[in-house]
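Reading through the structure tokens given below for one structure.
Values in this text are rule-based calculations from the coordinates and carry no lab data. Values in this document were obtained by computation on a predicted structure and should not be read as measured data. Every residue, glycine among them, receives a Cβ derived from its backbone with ideal geometry; neighbour counts consider all protein chains shown.
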């Protein structure tokens, strides 16, 4: 897991549902923090590091965060085993645009944060 000192963008604590798509399955997830460069998710099934995934967030329009699982951690939440996973975001797809520049990804996340409040 990358330490906070090494992160280039501030992570924002959030709590909202999203859908993960892998080449093998789709499943619900809870997003627990977000930045332009990545997300921290909580899922019921393990997704191994190196797996390419899309995370779909439904606001007024759908936003897709496309990236790779960087790490997975088995945790106990309310007496249930779940997995925290860290995802590095390669691109964000929004309103038909593919956003790959870190500064633009960061701006988009800052703009949607008020809509992500639980």
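Points worth noting:
- Among 116, 76, the order by Cβ neighbours within 10 angstrom, fewest to most, reads 76, 116.
- Using the average count of surrounding beta-carbon atoms within 10 Å as a protection proxy, the listed peptides 62-72, 31-41 rank, highest first, as 31-41, 62-72.
- Paramagnetic label zone (point 7 Å from Cα along Cα-to-C-beta, residue 13; backbone N under 16 Å) in region 58-84: none
- By the count of neighbouring beta-carbon atoms within 10 Å, fewest first, 98, 91, 20, 53 end up ordered 98, 91, 53, 20.
- One entry in [x] 11, 26, 22, 17, 12, 8, 3, 1; [y] 14, 50, 32, 4, 0; [z] 12, 42, 35, 10, 1 is P(r) over Cα pairs in 10 Å bins from 0, in percent calculated from the shown coordinates; its label is [y].
- Residue order, fewest to most surrounding Cβ atoms within 10 angstrom, among 77, 82: 77, 82
- Orientation-averaged projected area, Cα convex hull of region 41-107 (nm²): 5.3
- To the nearest ten degrees, helix 102-116 and the longest principal axis of the Cα atoms of the chain are 70 degrees apart.
- Helix-only CD estimate at 222 nm, as mean residue ellipticity for the chain, using -39500 (n - 2.57) per DSSP H run (n ≥ 4): -4000 deg cm²/dmol
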